[in-house]
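Scroll down for the structure; my scribbles are underneath it.
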Amino acid sequence: MSAQPAGARPGRRAVRVTANEQLGAYNVLRVDDPQMGELQAGQFAMLAAVERWGGGEDERPFLARAFSVARHHDGESSYLLEDVGPGTRRLCELAAGDELWVLGPLGSGFTAPPQGRRAILVGGGVGIAPLAILQDALSAAGGAVSVLLGFRDEARVPGAGLLRDAELATDDGSAGHHGLVTDLLERELRSDPDAVVYACGPAGMLEGVRAICERDGVPAQLALEAGMACGFGACFGCVVPRRGGGYLRVCVDGPVIDAAELDRVELHAGAPA
Ligand SMILES: Cc1cc2nc3c(=O)[nH]c(=O)nc-3n(C[C@H](O)[C@H](O)[C@H](O)COP(=O)(O)OP(=O)(O)OC[C@H]3O[C@@H](n4cnc5c(N)ncnc54)[C@H](O)[C@@H]3O)c2cc1C
Ligand code: FES
């Protein structure tokens, strides 16, 4: 869990980009950020470029954008980015030496499976990012981990290089299983119904994972995404309906939410497809 009380306004810091590497259709942005400190896999940060962070004729500043921390060690954080709009495009342009505003770590992350139970990590598209740091943490603790990743097409398949030993599914059949990553999950659960599932990806994929796990009585933790304005519980811009009534704020009650808390994953609550 974040040490920051929900709704309190935390401070952002300026950090320096150390590298920006292309990984197929994605970029891996590395930043020197020793103040990130200890974090839980699944937590995120709000990012904004220090220079040229705005649009339109008056260069009106954009809000900061939310990104999962894909890795953090030796004071360096990395983020996996997909250019889907003006904010991500600007971040994808950054080069070593450029400055970035960072607010984080924010939200609550994944919790480890009970002793002796295998973790199955299921990622889709750019949603694989928080599974990289999760794989590192679970492997370091000596747990059994399987990784299933789905991508839309050949251009996105190199993203799988962010994790180790991943089994792939692709919509276009360019790598691995020709079909959905949830087909791989169903097969894995048939051979190990005691596994615990961890997923992040587009809303359709998350809803598929949620429904399979509910049907099979398998515990699942889902890293949701939702449009975020503040990132720390103040604006209620990121709410999703909670099972049994009321709402969850994805930025403070999540982004990682126990699947049992949701009736279904709403369409806007996943990574861009
Ligand atoms: C907790 C969290 C973690 C995230 N982690 C990553 C990550 O690791 N890598 C990454 O590339 N992106 C991640 N995202 C999504 C990222 O924040 C958005 O892609 C980004 O804000 C888009 O900004 P933009 O200005 O480029 O495009 P915009 O013009 O703002 O959006 C482009 C398109 O994407 C849709 N969109 C924007 N934000 C979201 C969202 N949060 N959920 C679903 N659809 C959205 C918009 O509706 C629009 O269709 C994460 C989002 C959240 C909430
Ligand atoms: S983004 Fe403001 S409350 Fe969640």
Report yes if some residue within the stretch 21-30 is under 16 Å from the mean Cα position of the chain (by Cα), at positive phi, within 13 Å of ligand 1 (Cβ to nearest atom) and not aliphatic (A, V, I, L, M); otherwise report no.
-> no
Matching option when the condition is free of Cβ contacts under 8 Å to residues at least 24 places away in the same chain and within 16 Å of ligand 1 (Cβ to nearest atom), among 232, 236 | 236
Check 70, 14 and return the single one that is at pLDDT 95 or above and within 22 Å of residue 199 (Cα to Cα).
-> 70
Regarding residue 160, is this residue surrounded by fewer than 22 Cβ atoms within 10 Å (Cβ to Cβ) and either in a helix (DSSP H, G or I) or not assigned by TED's automatic domain parsing to the domain that holds residue 231 (or both)?
-> no
Of the residues in the stretch 67-106, those that are small (Gly, Ala, Ser) and assigned to a loop (DSSP other than H, G, I, E, B) come to 70, 75, 85, 95, 96, 97
All conditions in (1) within 11 Å of ligand 1 (Cβ to nearest atom); (2) within 21 Å of residue 125 (Cα to Cα); (3) assigned by TED's automatic domain parsing to the domain that holds residue 149 are true of residue 266 except (3)
Of residues in the stretch 244-263 being more than 16 Å from ligand 1 (Cβ to nearest atom) and in a loop (DSSP other than H, G, I, E, B), the one surrounded by the most Cβ atoms within 10 Å (Cβ to Cβ) = 263
Please find, within the stretch 119-133, the residue that is surrounded by the fewest Cβ atoms within 10 Å (Cβ to Cβ) out of those that are within 10 Å of ligand 1 (Cβ to nearest atom) and farther than 20 Å from residue 188 by Cβ.
-> 126
In the stretch 144-157, the residues that are surrounded by 17 or more Cβ atoms within 10 Å (Cβ to Cβ) and either in contact (Cβ under 8 Å) with a residue 40 or more places away in the chain or over 22 Å from residue 225 (Cα atoms) (or both) | 145, 146, 148, 150, 156, 157
A careful count of residues in the stretch 182-231 that are of a type outside the set (Ser, Thr, Tyr), part of a strand (DSSP E or B) and more than 16 Å from ligand 2 (Cβ to nearest atom) gives 7
Could you count how many residues in the stretch 46-74 are more than 7 Å from ligand 1 (Cβ to nearest atom) and surrounded by 13 or more Cβ atoms within 10 Å (Cβ to Cβ)?
-> 13
Failed condition for residue 254, given (1) out of contact with any strand residue (DSSP E or B) (no Cβ under 6 Å at 6 or more places or on another chain); (2) more than 16 Å from ligand 2 (Cβ to nearest atom) | (2)
Please tell me if residue 151 is assigned by TED's automatic domain parsing to the domain that holds residue 222, at pLDDT 95 or above and of a type outside the set (S, T, N, Q).
-> yes
Looking at this structure, is residue 68 within 16 Å of ligand 2 (Cβ to nearest atom) and touching an Asp or Glu at 6+ places or on another chain (Cβ under 9 Å)?
-> yes
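The values are calculated or read from the model by the stated rules, or taken from the named source; none is laboratory data. As the structure is a computational prediction, the values presented were derived from the model and not from experiment. As a convention, Cβ positions derive from the backbone with ideal geometry for all residues, glycine included, and neighbour counts pool all protein chains shown.
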